[in-house]
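Some notes on the structure that comes next.
The values are calculated or read from the model by the stated rules, or taken from the named source; none is laboratory data. Just so it is clear, the structure is predicted and the values come from calculations on it, not from any experiment. No Cβ is skipped: glycine too gets one built from the backbone with ideal geometry, and neighbour counts run over all protein chains shown. When the accessible area is computed, the model is the full protein with side chains, heavy atoms only, and any ligands, DNA or RNA have been set aside. Shrake-Rupley method; radii C 1.70, N 1.55, O 1.52, S 1.80 Å.
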Amino acid sequence: MKTAILALGIFLGSISAYAQKASLFKPLRYDEDWSKIKRDSTAGSYDKIKFIPFVKHQKLPYLSLGGEVRYQYFYLKNEDWGDATPDKDGFLLTRFLGHADWHLNKHLRAFVQLQSSMANSRLAPSVVEENPLDLHQAFVEAKWNTSSQTTLTTRIGRQELSYGSQRLVAVREAPNNRMAFDALKLIYQQKNFKSDAFYSHPVANKAGIFDDHFNENAKFWGLYSVINHAPVLNNIDVYYLGIWKKTATLVAGKGEELRHSVGTRIWKTSGAWQYDFEGVYQFGTFQDKTIRAWTVSSNTTFQKDEWRLKPKFGLKTEAISGDEIPNDNRVETFNPLYPKGAYFGLAALIGPSNLFDIHPSIDLELTDRLNWGMDYDIFWRLSKHDGIYAPNMSVIYAGKNTEEKFIGTQLAMDFNYQLNPFVYLRLEATWFASGPFIQAESAGKDIFMTALTTQVKF
């Protein structure tokens, strides 16, 4: 293992000339297009893995290889507010991703990615922390240009899905195992308009080797459309998402769930003022009960590049429904579906259900490569008759012992250092001060977490 890491470090140190090419890295690795480096006169070892032509002096067909190595050391004091078994030494999460992207011609391609995640010294690791080796993605894709500005793409197989601000559908980047779906997806794109329709089964991670099989106990489908450069509003997302689970667990009970979500998002990511407003309404059935749930969120930032340290000020706030009346025929607990794991920071202590929170933040650009950030989050239960949930919708505390709404406050700070386009370092710390609700439902201790992340992409 150490030899592999050393070899990788030497390799990365020899490719500083490819900094501009590293801008081709995408959050979804299958979105990358490395055929562009064929026109680069620079030849070297990096070219030889990113663009492997099958026919000399021809752009197609070609193969591109890539991957990622990530190490995360965590230290937690009073995990689960003192209810978990103490761990005095911390633990190390490791993740290895490797992919091959084969472009047969301008219409057909195949993408395969393996994932290996380990939780070293972790007491009772979860399946999203440890999965020694499995097939993470494997799909084939066909694309047609129906006109000079219109494309239609069909993708079938195991694949990652990510939409909007990742409040509802995300790759789950922060936990060790990224999220994937066995899916059929249709993509229509025309200039400033894009629409995806998909039907899928979410992959349920298991702790063995190549055992993440087809999941018949959950289905996920939807239609997600994006309009860019719209008048006045800038960018608009409109979507419908449906989910079925054979067995779902809420404070209201346990049983079959069929839930529909309709929502819209208005956003802007340019200029001094940037914003992201979103609203979602959910309906359906849980057991024999009717679902009526909702959420509204606001995220605004202000930044002046002309100011020293380029300070960026942010304010997030959101209201997320919870169940109002126990034992009636209605369920109002919001289901965030498949959100980003670190919804409220890497500590990932609370998920977005039955909450009201206010979240100011500030970020400073200390150097061209080093950023510092601080944020402060204040949490309340929106309904005193519902509990609090983890990001995966498992019940943390049911809230049956108290009517207190104030959950607590969370202060987080981080340093982010981009050593070069391939190597990323992050040091962060989080302090969660427990409020009356946590103190009534648990041991009530404050949580301290610190983490160091090293990530290499190639």
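Observations, loosely collected:
- Surface composition of the range 181-310: carbon plus sulfur atoms contribute 59% of the solvent-accessible area (1.4 Å probe, protein chains only, all chains present).
- For the range 131-252, the equivalent ellipsoid built from the Cα gyration tensor has semi-axes of 29, 19, 13 Å, listed from largest to smallest.
- Set the Cα radius of gyration of the range 41-97 against 2.2 N^0.38 Å, with N its number of residues, and you get 2.15.
- Here the range 294-448 is assigned +1 on the Cβ of each Lys and Arg and -1 on the Cβ of each Asp and Glu. Its dipole about the Cα centre then comes out at about 240 debye.
- Alpha-carbon gyration tensor eigenvalues x 5, square-rooted, for the range 198-279, Å: 34, 17, 13
- Qualifying lysines (Cα of each under 27 Å from Cα of residue 384; at least 8 residues distant if same chain): 245, 254, 289, 316, 340, 400, 405, 445
- Taking every protein chain into account, the accessible area of the range 253-325 amounts to 52 square angstrom per residue (probe 1.4 Å).
- The range 318-450 - Rg and Dmax from Cα coordinates, angstrom: 16.9, 57
- Surface listing: 36, 405 arranged by accessible area from highest to lowest gives 36, 405, probe 1.4 Å.
- When 294, 81 are compared by accessible area of protein heavy atoms, the largest-first order is 294, 81, using a 1.4 Å probe.
- Loop-resident trypsin sites (Lys or Arg not before Pro) (DSSP state other than H, G, I, E or B) in the range 148-198 with no more than 14 further Cβ atoms inside 10 Å of their Cβ: 191.
- Direction-averaged projected area, Cα convex hull, the range 171-320: 12.5 nm², rounded to one decimal.
- Computed helical MRE - 222 nm, the chain, DSSP H runs ≥ 4 contributing -39500 (n - 2.57), nearest 500: -1500 deg cm²/dmol
- Evaluated with a Cβ-only charge set (Lys, Arg +1; Asp, Glu -1), the chain carries a dipole of roughly 1760 debye about its Cα centre, given to the nearest 20.
- Only one residue of 161, 252, 132 has its Cα farthest out toward the positive end of the dipole of the chain, where Lys and Arg carry +1 and Asp and Glu -1 on Cβ, and that residue is 161.
- For the residues 388, 156, a 1.4 Å probe over the protein chains yields an accessible-area ranking, largest first, of 156, 388.
- Percent of alpha-carbon pairs separated by more than 17 Å within the range 296-344: 60
- Scattering curve values for the chain, log₁₀ I(q)/I(0), Debye with Cα scatterers, q = 0.09, 0.12, 0.14 Å⁻¹: -0.65, -1.22, -1.70
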